[in-house]
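The values are calculated or read from the model by the stated rules, or taken from the named source; none is laboratory data. These numbers come from a predicted model, not from an experiment. Note that we place each Cβ from the backbone using ideal geometry, even for glycine, and neighbour counts take in every protein chain shown. Heavy atoms of the whole protein, side chains included, go into the accessibility calculation; ligands, DNA and RNA do not. Shrake-Rupley method; radii C 1.70, N 1.55, O 1.52, S 1.80 Å.
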Amino acid sequence: MNSRHWEKEKDIKPRLSERVISYLIGKYVKARYRIWMIRKEANESKLNLQDLSRICSEHVLPVTSPLALIAQIQGSGGTLLSQLFDGHPELHVHPHELMIGYPEKGIWPRIDRNDRPEQWFEILFENIVSEYNREGYKKDKEDKETFPFLFISSLQREVFLNYIGSVQFITPRDIFDAYTTSYFGAWLNNQNYYGSKKFITAFSPRLAMIKENMECFFEVYPDGRLISLVQNPKTWFSFASTHWPGRYGDVGRAASQWNEGAQAILWNKERYGDRVCLIKFEDLIRQTEVVIRYLADFLASEFNDILLVPTFNKFPIKEDATFKTENHGIVSSLPTEERTLKGQELDTIERMTSETYPLVLKEVVRFK
């Protein structure tokens, strides 16, 4: 290698080194800037949430439709019916079990108009939304199928208080309208928020089993509706004793509670007449379209095909846990109680419900 070439080589090496160093410095600066931006965004998340709440609060829609309550003894198919209503463009559908009951969920909340609005909100607020917001909605705790549920509780409180503040002479209905307005206004990923609505539908087991509950409900919602599902006590016990053995494991006690629920259904129908609709659970399963068309008319709504598939926020959801299926949609077959219950249990249920069950069947809607 001659000396001239060697000198040229010495000149290139420093220049290459400077370029590499400059390149690496540039990459480092960009990486640091990116980290700074990420941290900046994270630190501003609270401000962003405040902006989001403000925007949502400014564009919230009043939800003042009457309430159609689905209520009867636990384990009779209320969750399934609620999720068949889900997604109908003319209905606001409360997406999970209604838990405004106070002091416990099975008691319709009594609102004292002399209390402060903050106290009204605290009575009606459903704590379960915080869990669903963190973990998503599941039909059962053991279910792997999870649905996102985006809900801002602070926004709900703000909307509730703003609504109350806009009303001059507050009635009990105004308080419940403030709650439904705030609930659906704070549920951010609700896919069925917009459009004209005829009813709000919500499922709450056992609320209809206490006369005072129904008296209070129809005082607040004189234009409201009550839908109660009636299931054969034998198939009902087969399911209820498996899923809630602590409450329904003893056949005598369970049959007594089924009777209590059936008697409440009869009293509600006699007292509130056409505002109450009684449906056989077996008809809902086996004649779904016929029954759902009838119920759509009962709620002054047009029939829509989405009513034939159980959904959560318009996403198809698996059948009720009664049938332990892995498929979406409705399972048309019912468990046969003779295959799942002991002879003594069947005899006890037959003996204890033989008078009440036929009376209820006389009041259910009959389908061909």
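When residues of the stretch 326-368 are filtered for being modelled with pLDDT under 55 and loosely packed, with under 14 Cβ neighbours inside 10 Å, how many remain?
Matching residues across the stretch 326-368 total 6.
If the Cβ limit is 7 Å and pairs must be 6+ apart or interchain, which residue in the stretch 58-73 that is free of Cβ contacts under 8 Å to residues at least 40 places away in the same chain pairs with which residue that is buried (at least 21 other Cβ atoms within 10 Å of the Cβ) and among the hydroxyl-bearing types (Ser, Thr, Tyr)?
If the second residue must be buried (at least 21 other Cβ atoms within 10 Å of the Cβ) and among the hydroxyl-bearing types (Ser, Thr, Tyr), no pairs are left.
Please enumerate the residues belonging to the stretch 267-288 that are under 24 Å from Pro66 (Cα atoms) and either surrounded by fewer than 16 Cβ atoms within 10 Å (Cβ to Cβ) or free of Cβ contacts under 8 Å to residues at least 12 places away in the same chain (or both).
Within the stretch 267-288, Trp267, Glu270, Arg271, Gly273, Asp274 qualify.
Every residue, every condition in (1) assigned to a loop (DSSP other than H, G, I, E, B); (2) hydrophobic (A, V, I, L, M, F, W, C); (3) touching a strand residue (DSSP E or B) at 6+ places or on another chain (Cβ under 6 Å), yes or no:
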| site | (1), (2), (3) |
| --- | --- |
| Gly75 | yes, no, no |
| Ser82 | no, no, yes |
| Pro103 | yes, no, no |
| Asp112 | yes, no, no |
| Gln119 | no, no, no |
| Glu131 | no, no, no |
| Leu161 | no, yes, no |
| Val167 | yes, yes, no |
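Here is a list of conditions, (1) closer than 19 Å to Arg157 by Cα; (2) out of contact with any Ser or Thr (no Cβ under 8 Å at 6 or more places or on another chain); (3) outside any helix (DSSP H, G or I); (4) open to solvent by 50 Å² or more (accessible area, probe 1.4 Å), and Glu126 meets all of them except one; can you say which number that is?
Of the numbered conditions (1) closer than 19 Å to Arg157 by Cα; (2) out of contact with any Ser or Thr (no Cβ under 8 Å at 6 or more places or on another chain); (3) outside any helix (DSSP H, G or I); (4) open to solvent by 50 Å² or more (accessible area, probe 1.4 Å), the odd one out for Glu126 is (4).
Go through (1) over 29 Å from Gly249 (Cβ atoms); (2) in contact with a Lys or Arg (Cβ under 6 Å, 6 or more places away or on another chain) and name the single condition Arg116 misses.
(2)
Do the conditions hold for Pro245, that is, is it surrounded by fewer than 22 Cβ atoms within 10 Å (Cβ to Cβ) and under 19 Å from Ser65 (Cα atoms)? Steps first, please.
Numbers: surrounded by fewer than 22 Cβ atoms within 10 Å (Cβ to Cβ): yes; under 19 Å from Ser65 (Cα atoms): no.
When the stated conditions are applied, Pro245 does not pass them.
Do we have Ser228 as hydroxyl-bearing (Ser, Thr, Tyr) and within 23 Å of Ile285 (Cα to Cα) here? Can you show your working first?
Working: hydroxyl-bearing (Ser, Thr, Tyr): yes; within 23 Å of Ile285 (Cα to Cα): yes.
It is true that Ser228 is hydroxyl-bearing (Ser, Thr, Tyr) and within 23 Å of Ile285 (Cα to Cα).
When residues of the stretch 123-145 are filtered for being over 19 Å from Ser204 (Cα atoms), among the acidic types (Asp, Glu) and at pLDDT 90 or above, how many remain? Write out each step before concluding.
In the first step, residues of the stretch 123-145 are kept if they are over 19 Å from Ser204 (Cα atoms); the result is 133-136, 142-145.
Then drop every residue that is not among the acidic types (Asp, Glu), which leaves 135, 142-143, 145.
Now narrow it down to the ones that are at pLDDT 90 or above: 135.
Of the residues in that region, 1 qualify.
Among residues belonging to the stretch 44-69 that are surrounded by fewer than 12 Cβ atoms within 10 Å (Cβ to Cβ) and under 24 Å from Ile200 (Cα atoms), point out the one that is modelled with the lowest pLDDT.
Of everything passing the filter in the stretch 44-69, Glu58 is modelled with the lowest pLDDT.
Filter the stretch 178-209 down to the residues that are in a strand (DSSP E or B) and in contact with a Pro (Cβ under 8 Å, 6 or more places away or on another chain), then identify the one that is modelled with the lowest pLDDT.
Let us first name the residues in the stretch 178-209 that are in a strand (DSSP E or B), namely 187, 199-203.
With the extra rule that they be in contact with a Pro (Cβ under 8 Å, 6 or more places away or on another chain), the set shrinks to 187, 199-200.
Values: Trp187: 95, Phe199: 98, Ile200: 98.
Among those residues, the one meeting the criterion is Trp187.
Pick from the stretch 113-122 the residues that are open to solvent by 70 Å² or more (accessible area, probe 1.4 Å) and either under 13 Å from the mean Cα position of the chain (by Cα) or of a type in the set (D, E, K, R) (or both): which of them is modelled with the lowest pLDDT?
Only one residue fits best here, namely Arg113.
Just checking, does the stretch 207-220 include any residue being free of Cβ contacts under 8 Å to residues at least 24 places away in the same chain and either hydrophobic (A, V, I, L, M, F, W, C) or open to solvent by less than 20 Å² (accessible area, probe 1.4 Å) (or both)? If you could, list the steps in order and put the result at the bottom.
Residues of the stretch 207-220 that are free of Cβ contacts under 8 Å to residues at least 24 places away in the same chain, as a first pass: 215.
Filter once more, so that each one left must be either hydrophobic (A, V, I, L, M, F, W, C) or open to solvent by less than 20 Å² (accessible area, probe 1.4 Å) (or both): none.
Taking every residue of the stretch 207-220 in turn, none turns out to be free of Cβ contacts under 8 Å to residues at least 24 places away in the same chain and either hydrophobic (A, V, I, L, M, F, W, C) or open to solvent by less than 20 Å² (accessible area, probe 1.4 Å) (or both).
Of the residues Asn232, Asn192, which is among the polar types (S, T, N, Q), open to solvent by less than 50 Å² (accessible area, probe 1.4 Å) and under 21 Å from the mean Cα position of the chain (by Cα)? Show your work before the answer.
On the way: Asn232 fails: under 21 Å from the mean Cα position of the chain (by Cα).
Of Asn232, Asn192, the one residue that is among the polar types (S, T, N, Q), open to solvent by less than 50 Å² (accessible area, probe 1.4 Å) and under 21 Å from the mean Cα position of the chain (by Cα) is Asn192.
Cβ-Cβ under 6 Å, sequence separation 6+ or interchain: first residue in the stretch 158-182 and of a type in the set (D, E, K, R), partner not in a helix (DSSP H, G or I). Which pairs?
Final answer for the pair search is Asp174/Val167; Asp177/Thr64.
Is it the case that Lys144 is touching an Asp or Glu at 6+ places or on another chain (Cβ under 8 Å) and open to solvent by 50 Å² or more (accessible area, probe 1.4 Å)? Quick ask: steps written out before the conclusion?
On the way: touching an Asp or Glu at 6+ places or on another chain (Cβ under 8 Å): no; open to solvent by 50 Å² or more (accessible area, probe 1.4 Å): yes.
No, not satisfied.
Output the residues belonging to the stretch 161-177 that are at pLDDT 95 or above and either among the acidic types (Asp, Glu) or surrounded by fewer than 13 Cβ atoms within 10 Å (Cβ to Cβ) (or both).
Scanning the stretch 161-177 gives Thr171, Asp174, Asp177.
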